[in-house]
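J.: To start, I am sharing the structure in question, which I have written as structure tokens.
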Amino acid sequence: MSLIKVVDQIQNWKSKSTEPGDYWEQIAGWLAEFQQLSGVEKYHSEDSEGFIEAENYADLLKVLADLVFPEFEISKNINFEEGDFWKWQFEINGKPEIIGIENLGSDWFDLEFLSKLNAVLRRHGSQKKFRMVFASSEMNADQCFDMVFISDEIYQKLADHSPKYAE
């Protein structure tokens, strides 16, 4: 798990292109348009299926810490507990925080985790949220998600655009 630099990914998609207008060039174009609309320089892409353990969320939180830095400093020393209720203990800007969600027994990403993390960041004064978007547009969506840290205004701009980059 790591962050993807948008400009690097655009070059990656373009390098796979074998002829003008092919699939890879379309993806590169959508990603370039996404960057122009959002101003996002980095994002995280993840398969929605694969969150079977609390440790999977802890690993994601470590990547998301890089996405919000230097605006917020989320510690990468994350303690977690499993069972019927999963909990994660970490620090934001040196202050201890705990978030928890019910273990639904599924390996699909639980949006409640994101909701609780955003609530904690809001308490720390954040005007932005972690949001799931389509960095290469809804036209190229599957069971993966792209995660960014953006304002509600930017999110709405992405949702209102055609093709959509958010729902």
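The values are calculated or read from the model by the stated rules, or taken from the named source; none is laboratory data. Predicted model, so just to flag it, every value in this text is computed and none were measured. Glycine gets a Cβ as well: all are built from the backbone with ideal geometry, and neighbour counts include every protein chain shown.
J.: If I ask for residues that are buried (at least 16 other Cβ atoms within 10 Å of the Cβ), more than 13 Å from LEU3 (Cβ to Cβ) and without any contact (Cβ under 8 Å) to a residue 24 or more places away in the chain, which ones from the range 57-82 would you list?
T.: Once the filter is applied, which keeps residues that are buried (at least 16 other Cβ atoms within 10 Å of the Cβ), more than 13 Å from LEU3 (Cβ to Cβ) and without any contact (Cβ under 8 Å) to a residue 24 or more places away in the chain, the range 57-82 yields ILE74, SER75, ILE78.
J.: Of the residues PHE85, PHE51, PHE34, which is of a type in the set (Phe, Trp, Tyr), modelled with pLDDT of 95 or more and either within 17 Å of LEU117 (Cα to Cα) or crowded, with 19+ Cβ neighbours inside 10 Å (or both)?
T.: After ruling out the rest, the residue left standing is PHE85.
J.: Quick check on the range 92-123: of everything there that is closer than 14 Å to GLU53 by Cβ and hydrophobic (A, V, I, L, M, F, W, C), which residue is modelled with the lowest pLDDT?
T.: Looking only at the range 92-123, we keep the residues that are closer than 14 Å to GLU53 by Cβ, and these are 101, 103-110, 113.
Narrowing further to those that are hydrophobic (A, V, I, L, M, F, W, C): 101, 104, 108-109, 113.
Values: ILE101: 97, LEU104: 87, TRP108: 92, PHE109: 93, PHE113: 97.
Filtering first and then ranking leaves LEU104.
J.: Could you tell me whether ALA28 is of a type in the set (Gly, Ala, Ser), out of contact with any Cys (no Cβ under 9 Å at 6 or more places or on another chain), free of Cβ contacts under 8 Å to residues at least 24 places away in the same chain and within 17 Å of LYS129 (Cβ to Cβ)?
T.: On the way: of a type in the set (Gly, Ala, Ser): yes; out of contact with any Cys (no Cβ under 9 Å at 6 or more places or on another chain): yes; free of Cβ contacts under 8 Å to residues at least 24 places away in the same chain: yes; within 17 Å of LYS129 (Cβ to Cβ): no.
So ALA28 fails the test.
J.: OK, next. Looking at the range 108-129, I want the residues that are free of Cβ contacts under 8 Å to residues at least 12 places away in the same chain and on the phi < 0 side of the Ramachandran plot and have a partner that is of a type outside the set (S, T, N, Q) and loosely packed, with under 13 Cβ neighbours inside 10 Å with Cβ atoms under 9 Å, at least 6 apart or on another chain. Which pairs are those?
T.: Within 9 Å, the pairs are GLU112/GLU102; GLU112/LEU104.
J.: Here are the criteria: (1) surrounded by 14 or more Cβ atoms within 10 Å (Cβ to Cβ); (2) in a strand (DSSP E or B). Tell me which single one LEU158 does not satisfy.
T.: For LEU158, the exception is condition (2).
J.: Can you name every residue in the range 131-155 that is aliphatic (A, V, I, L, M) and not in a loop (DSSP other than H, G, I, E, B)?
T.: Within the range 131-155, MET132, VAL133, MET139, MET147, VAL148, ILE150, ILE154 meet the criteria.
J.: What's the number of the only condition in (1) modelled with pLDDT of 90 or more; (2) out of contact with any His (no Cβ under 6 Å at 6 or more places or on another chain) that ILE27 fails to meet?
T.: With (1) modelled with pLDDT of 90 or more; (2) out of contact with any His (no Cβ under 6 Å at 6 or more places or on another chain) applied to ILE27, the lone miss is (1).
J.: Which strands (runs of 3 or more DSSP E) sit wholly inside the range 20-130 and have at least 1 residues that are of a type in the set (S, T, N, Q) and more than 15 Å from the chain's Cα centre (by Cα)?
T.: On the way: elements: 42-47, 79-81, 85-92, 95-102.
Of the strands (runs of 3 or more DSSP E) lying wholly inside the range 20-130, those with at least 1 residues that are of a type in the set (S, T, N, Q) and more than 15 Å from the chain's Cα centre (by Cα) span 79-81, 85-92.
J.: May I ask you to say which residue of LYS164, LYS157 is touching a residue at least 40 places away in the same chain (Cβ under 8 Å), in contact with a helix residue (DSSP H, G or I) (Cβ under 7 Å, 6 or more places away or on another chain) and over 16 Å from HIS44 (Cβ atoms)?
T.: Answer to the selection: LYS157.
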